[in-house]
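The values are calculated or read from the model by the stated rules, or taken from the named source; none is laboratory data. What you see is a predicted model; the values in this text were computed from it and never measured. So basically every Cβ, Gly included, is an ideal-geometry build from the backbone, and we count neighbours across all protein chains shown.
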């Protein structure tokens, strides 16, 4: 730890892991419901569990991104964080809004718009919260001794994420128009500007872990940014055909969606190439595993699996089925969850001064969570293909189809148990590090 204010990141990481654990709980509720064991339906119906599950995903990833920025930006700008007090206020207010939203969903206070269910009054509080965060980060950069490409790409991703949240707040009487702009938020976040955040964090980690020259690594960032915007913006079109937009959007979306793996392929090649070039043998192998794992898994989940089912002739059958869940789970895990867990694994030894990164528990956490996620992805894929065949080709009723594919969710829940064991071990190891200390600052300097 080079700057005392980097300790702020710890509390964001802690909060993110807490929300991840809660997200997994709601995932199990849905998994058992899919198996026909829906005993909690009177208290937590499936639509509520799904809204909570997906919104907790967004919340804990945003907290992870914010914590990453609070750790990375001071070090990259060679300056203390502008206002640690503002960061703590922002964290508390963010958690308050998130908890209020989760409770509200259980009482049917929501907008009913998939992924953007948060009630409108809370939307405005989110905007204020994010503005406070961006002000803190931008002021830190402005007052810093240097502005690096890594810091600027990370900040650009965070800034564009905030701007793209605004179209989702516009009110439309037309459901088609509402869905059109809703995808500006959902798609252009996860297959657009969040990739910039991932690229910024990935570049920082590779600079620190591999020892490869900064100029070499940051040149790759320009390639990743270019590919992200080339494919991500028009790739949104594969959602538009299904909301009443003209049919040409299906082909525009399909063609540019097929290009989207290029950005993730560039990240994977970038990470592996830098690792091979690296002369520095960094002792934190756990952080290295999560970093390289994020690059490779994101290419498979977000890149290959995404392209495979957004091809127009395929997407006509798979859109809105469990095939989408197959792609979504591995994509979010590889591209965003793993990169957050990577920066936490790198930062915690530096924040606390305790070198607990290569113990058995951290290795088991990595492998169990990833093997579990691969198993879940396969289970979703098999269930999704069965659903497509029964429902979309044979014309079997939706609920009858759900009954037929229940056995696949037994496999999914078993794999999810392995995944949960891995995440639990990761969280246990996180707590073993303890809290940040000033002694770590002295040791780093």
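Which of the residues spanning the stretch 166-186 are surrounded by 14 or more Cβ atoms within 10 Å (Cβ to Cβ) and touching a helix residue (DSSP H, G or I) at 6+ places or on another chain (Cβ under 6 Å)?
Scanning the stretch 166-186 gives 167, 168, 169, 179, 181, 182, 183, 184, 185.
Run down 416, 386 and say which single residue is surrounded by 16 or more Cβ atoms within 10 Å (Cβ to Cβ), free of Cβ contacts under 8 Å to residues at least 40 places away in the same chain and in a helix (DSSP H, G or I). Steps first, please.
Working: 416 fails: free of Cβ contacts under 8 Å to residues at least 40 places away in the same chain.
Exactly one of 416, 386 is surrounded by 16 or more Cβ atoms within 10 Å (Cβ to Cβ), free of Cβ contacts under 8 Å to residues at least 40 places away in the same chain and in a helix (DSSP H, G or I), namely 386.
Which ones in the stretch 351-366 are assigned to a helix (DSSP H, G or I), over 19 Å from the mean Cα position of the chain (by Cα), in contact (Cβ under 8 Å) with a residue 24 or more places away in the chain and farther than 10 Å from residue 287 by Cβ? Before you say what the answer is, go through the steps one by one.
Going residue by residue through the stretch 351-366, those that are assigned to a helix (DSSP H, G or I) are 351-352, 360-366.
Those still in the list that are over 19 Å from the mean Cα position of the chain (by Cα) too: 351-352, 360-364.
Right, trim to in contact (Cβ under 8 Å) with a residue 24 or more places away in the chain and you get 351-352, 361-364.
Correct list: 351, 352, 361, 363, 364.
Under the condition of being closer than 21 Å to residue 394 by Cα, at pLDDT 90 or above and in a helix (DSSP H, G or I), which residue from the stretch 288-324 is nearest to the chain's Cα centre (by Cα)?
Step by step, filter the stretch 288-324, then rank; the result is 324.
Quick one: in the stretch 88-121, of everything that is under 20 Å from the mean Cα position of the chain (by Cα) and not in a helix (DSSP H, G or I), which residue is surrounded by the most Cβ atoms within 10 Å (Cβ to Cβ)?
Top of the filtered list is 118.
Spot the failing condition for residue 207; the list is (1) buried (at least 19 other Cβ atoms within 10 Å of the Cβ); (2) within 20 Å of residue 12 (Cβ to Cβ), and only one is missed.
Going through (1) buried (at least 19 other Cβ atoms within 10 Å of the Cβ); (2) within 20 Å of residue 12 (Cβ to Cβ) one by one, residue 207 breaks only (2).
Within the stretch 212-228, can you find the residues that are surrounded by 16 or more Cβ atoms within 10 Å (Cβ to Cβ) and free of Cβ contacts under 8 Å to residues at least 40 places away in the same chain? Lay out the reasoning, then the answer.
Just the residues of the stretch 212-228 that are surrounded by 16 or more Cβ atoms within 10 Å (Cβ to Cβ), to begin with: 212, 217-218, 220-221, 223-225, 227-228.
Result: 227, 228.
Considering 148, 140, 155, which residue is surrounded by 17 or more Cβ atoms within 10 Å (Cβ to Cβ), in contact (Cβ under 8 Å) with a residue 24 or more places away in the chain and under 20 Å from the mean Cα position of the chain (by Cα)?
Details: 148 fails: under 20 Å from the mean Cα position of the chain (by Cα); 140 fails: under 20 Å from the mean Cα position of the chain (by Cα).
After ruling out the rest, the residue left standing is 155.
Could you tell me whether residue 209 is in a helix (DSSP H, G or I), under 16 Å from the mean Cα position of the chain (by Cα) and either closer than 26 Å to residue 251 by Cβ or modelled with pLDDT of 85 or more (or both)?
No; evaluated as a whole, the condition is false for this residue.
Would you please name the residue that is surrounded by the fewest Cβ atoms within 10 Å (Cβ to Cβ), looking only at residues in the stretch 276-287 that are at pLDDT below 90 and closer than 15 Å to residue 358 by Cβ?
The initial filter retains those residues of the stretch 276-287 that are at pLDDT below 90, namely 276-283.
Of the ones still in play, those that are also closer than 15 Å to residue 358 by Cβ are 281-283.
Working: 281: 10, 282: 15, 283: 12.
Checked the stretch 276-287; the qualifying residue surrounded by the fewest Cβ atoms within 10 Å (Cβ to Cβ) is 281.
Those residues that are touching a residue at least 24 places away in the same chain (Cβ under 8 Å) and crowded, with 16+ Cβ neighbours inside 10 Å, I need them from the stretch 246-258; list them, please. Step through it out loud before you land on a result.
The initial filter retains those residues of the stretch 246-258 that are touching a residue at least 24 places away in the same chain (Cβ under 8 Å), namely 250-251, 253-254, 256-258.
Passing the criteria: 250, 253, 254, 256, 257, 258.
Go through the stretch 419-439 and give me each residue that's crowded, with 19+ Cβ neighbours inside 10 Å and outside any helix (DSSP H, G or I).
436
Out of 185, 130, 153, 190, report the one residue that is at pLDDT below 90, assigned to a helix (DSSP H, G or I) and closer than 30 Å to residue 207 by Cβ. Write out each step before concluding.
Values: 185 fails: closer than 30 Å to residue 207 by Cβ; 130 fails: at pLDDT below 90; 153 fails: at pLDDT below 90.
The conditions single out 190.
Quick one: is residue 375 in a helix (DSSP H, G or I), surrounded by fewer than 23 Cβ atoms within 10 Å (Cβ to Cβ) and either touching a residue at least 60 places away in the same chain (Cβ under 8 Å) or in contact with a helix residue (DSSP H, G or I) (Cβ under 7 Å, 6 or more places away or on another chain) (or both)?
Judged against the criteria, residue 375 is a match.
Could you go through the stretch 258-272 and let me know if any residue there is over 16 Å from residue 299 (Cα atoms) and assigned to a helix (DSSP H, G or I).
So in the stretch 258-272, the residues over 16 Å from residue 299 (Cα atoms) come out as none.
Among the residues of the stretch 258-272, not one is over 16 Å from residue 299 (Cα atoms) and assigned to a helix (DSSP H, G or I), which makes the answer no.
I need the full set of residues from the stretch 46-87 which are in a loop (DSSP other than H, G, I, E, B) and touching a helix residue (DSSP H, G or I) at 6+ places or on another chain (Cβ under 7 Å), in order please.
Passing the criteria: 79, 80, 81, 82, 83.
Looking at (1) over 20 Å from residue 262 (Cβ atoms); (2) part of a helix (DSSP H, G or I), can you tell me which one residue 226 breaks?
(1)
Looking at (1) surrounded by fewer than 22 Cβ atoms within 10 Å (Cβ to Cβ); (2) touching a helix residue (DSSP H, G or I) at 6+ places or on another chain (Cβ under 9 Å); (3) without any contact (Cβ under 8 Å) to a residue 60 or more places away in the chain, find the lone condition where residue 333 falls short.
All conditions are met except number (1).
Within the stretch 397-404, identify whether any single residue is touching a residue at least 24 places away in the same chain (Cβ under 8 Å), more than 30 Å from residue 75 (Cβ to Cβ) and out of contact with any helix residue (DSSP H, G or I) (no Cβ under 9 Å at 6 or more places or on another chain), and answer yes or no.
Within the stretch 397-404, the subset touching a residue at least 24 places away in the same chain (Cβ under 8 Å) is 402-403.
Narrowing the set further to residues that are more than 30 Å from residue 75 (Cβ to Cβ) leaves 402-403.
Next, only the ones that are out of contact with any helix residue (DSSP H, G or I) (no Cβ under 9 Å at 6 or more places or on another chain) stay: 403.
Checking the stretch 397-404: at least one residue is touching a residue at least 24 places away in the same chain (Cβ under 8 Å), more than 30 Å from residue 75 (Cβ to Cβ) and out of contact with any helix residue (DSSP H, G or I) (no Cβ under 9 Å at 6 or more places or on another chain).
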